[in-house]
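Single-structure report; data block below.
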Amino acid sequence: MTVQQTLAELVAIDSVSSRSNAELISYLEARCKAVGLITEQLPHVDQTGVTKINLVARTTTKSEIELALVGHTDTVPYDPAWIDALRLTEGDGKLFGRGACDTKAFIAAALTAIDSIDLTELKKPLVLVFTCDEEIGCLGAKRLAAAQPFNCRYAIVGEPTSLQPMRTGKGYCLAEIVVRGREAHSAYPQLGASAIFRAARLIQHIEQIAQDLEADQREDFDPPYTTLNVGLINGGSAKNVIPGECRFTLEWRTVPGQSSDHVLSKLRTAVADLRTADPDFVCEIDAGRADDSFETRGESELVKFLEECSAQTSGTVAFGTEAPSMIALGAEAVVFGPGDIRVAHRTGEFVPIDELSRCVDILNEAIRRFCV
């Protein structure tokens with residue numbers, strides 16, 4: 001089966017994160033078994049009651065693995081008006097479909113690469129890892145890291161990087177913040193305390209924190225500093241009521257070398273300062289996600305190999321990946337794959353055909369380089 005045929009079959013299986021990925025896992029397990037890989041499903045039921053599965057397919061039952069190829073099975077939702085979202089279409093040297101870029105193209109390339117390899121020739125263990133729920137917090141990879149089903153020396157983590165190896169990535173953190181006030185009729189504001197005004201003062205402090213963090217720079221990144229964003233805000237109940245509550249979501253993406261709770265510490269200091277001026281200032285912070293940044297040394301054999309094969313210098317990514325979870329399993333991890341992240345997550349998502357084909361060749365060569 002060609003890589004395009006494989007990608008067409010993968011895209012045809014709806015694996016939006018809100019759904020179970022069991023159908024796609026069944027397909028992947030059958031493909032892996034057909035070439036002689038030993039498979040293991042690691043299922044769990046998520047908080048909504050939906051079954052999610054990580055699949056590990058390896059050449060040996062030994063726990064020490066030389067090379068892992070890692071791809072996430074879930075996709076973001078798609079607009080119902082995109083009638084071909086689940087049908088791979090071709091045009092202008094590109095293949096279109098939900099997940100065609102992020103990141104079923106990498107999975108198709110990995111399956112195609114291993115199809116042409118005689119597993120009996122491999123002297124060092126290889127594993128293919130297919131995870132769930134990457135798009136909603138890398139949850140499947142984190143569960144895998146916690147379970148420790150194997151230790152790994154090298155890992156290629158599939159993401160659309162236009163075939164540029166990415167050896168360093170920012171962390172990703174998220175907090176839900178609730179600021180309390182006291183409701184009253186808006187004609188008599190002295191009887192209440194506006195939660196929205198209080199939240200606005202805290203957000204001003206957050207903006208100053210963001211500006212201060214620009215001084216701590218890592219030149220390889222764009223932008224080269226930790227970024228903050230208040231992406232969602234909601235408060236109040238009516239136009240003529242002093243709002244008693246205001247909620248907002250804060251995210252930050254940390255540069256390597258900066259702890260994931262660095263911003264959180266500054267945020268709590270800001271809250272303490274506001275409470276000094278306003279003793280009734282009440283704020284609740286729920287820091288629900290703290291993904292570490294990652295950095296693989298430039299001298300890594302995997303980094304040098306992918307730089308040579310791709311003819312591109314290794315770079316950095318500012319979006320969240322499963323690399324930290326693979327590092328937790330002992331790996332020197334590099335993020336790599338066909339397609340451009342800038343066209344992922346949108347209607348008309350695509351992967352260039354030439355990049356898809358080149359990815360097959362590079363992954364095939366990686367297996368031969370590190371496992372034969």
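The values are calculated or read from the model by the stated rules, or taken from the named source; none is laboratory data. Because the structure is predicted, anything quoted here is derived from the model rather than measured. A quick note on method: Cβ atoms are made from the backbone with ideal geometry, for glycine too, and the neighbour counts reach across all protein chains shown. The accessibility values were calculated without ligands, DNA or RNA, using every heavy atom of the protein model including side chains. Shrake-Rupley method; radii C 1.70, N 1.55, O 1.52, S 1.80 Å.
What FRET efficiency comes out for S20 versus E301 if R0 is 35 angstrom and r is the Cβ-Cβ distance? Round to the nearest 0.05. Rounded to the nearest 0.05, the efficiency is 0.40. Looking at region 232-325, the trypsin sites (Lys or Arg not before Pro) that sit in a DSSP loop and have at most 14 other Cβ atoms within 10 Å of their own Cβ are K239, R297. Compared with the dominant Cα axis of the chain, that is its longest principal axis, helix 104-115 is turned about 20°. Compared with the alpha-carbon gap, the fully stretched path from I83 to Y188 is longer by 32.4 nm at 0.36 nm per residue.
Starting from 0.36 nm per residue, how many nanometres of slack lie between A277 and D361 once their C-alpha separation is accounted for?
Length gained between A277 and D361: 24.0 nm.
GNM on the chain, alpha-carbon springs under 10 angstrom: the most fluctuating residue among S15, S162, S300 is S300.
Can you compute the helix-only [θ] at 222 nm over the chain? Use -39500 (n - 2.57) per DSSP H run of at least 4 residues, normalise by all residues, nearest 500 deg cm²/dmol.
For the chain, the value works out to -9500 deg cm²/dmol.
The alpha carbon convex hull volume per residue for the chain rounds to 147 Å³.
Among I114, I233, the sequence by solvent-accessible area, most first, with a 1.4 Å probe is I233, I114.
Rg over Rh for region 43-123 works out to 1.06, using Cα positions for both radii and the Kirkwood form for Rh.
Note on R201: accessible area is roughly 100 Å² with a 1.4 Å probe, heavy atoms of protein only.
Bridge orientation summary for the chain: considering DSSP beta bridges with both residues in this region, about 70 percent are antiparallel. Computed with every protein chain present, the accessible area of R19 is close to 110 Å² [probe 1.4 Å]. Over the chain, Cα pairs under 8 Å with separation of 6+ residues give a relative contact order of 25 percent.
In the structure shown, do any of K266/K304; K33/K170; K104/K170; K104/K304; K52/K304 have a Cα-Cα gap over 32 Å, and if so which? Flagged as over cut-off: K266/K304; K33/K170; K52/K304.
The calculated Kirkwood hydrodynamic radius for region 200-245 is 13.0 Å, given to one decimal from all distinct C-alpha pairs.
Once the Cα atoms are used to define both axes, helix 195-213 deviates from the longest principal axis of the chain by about 50 degrees. Listed by chain and number, the aspartates and glutamates whose alpha-carbon sits under 14 Å from that of K239, ignoring those within fewer than 8 places in the same chain, are E183.
Counting only alpha carbon atoms, the long axis of helix 301-310 and the longest principal axis of the chain meet at about 80°. Projecting the Cα atoms of V282, G315, S293 onto the charge dipole of region 276-332 (Cβ charges, centred on the Cα centre) puts G315 farthest toward the positive pole. Estimated at 0.36 nm per residue, the fully extended path between T269 and R201 surpasses their Cα-Cα distance by 23.1 nm. Accessible area per residue (1.4 Å probe, heavy atoms of protein chains only) ranks E349, E365 as E365, E349, with the largest value leading. Per residue, the average separation of C-alpha pairs within less than 8 Å and at least 6 apart gives region 275-372 a relative contact order of 21 percent.
Starting with the highest mean, order 65-71, 99-105, 39-45 by the number of other Cβ atoms within 10 Å, averaged over the residues of each peptide.
By packing density, highest mean first, the sequence is 99-105, 65-71, 39-45.
Using every pair of distinct Cα positions in region 1-141, the Kirkwood expression returns a hydrodynamic radius of 15.6 angstrom.
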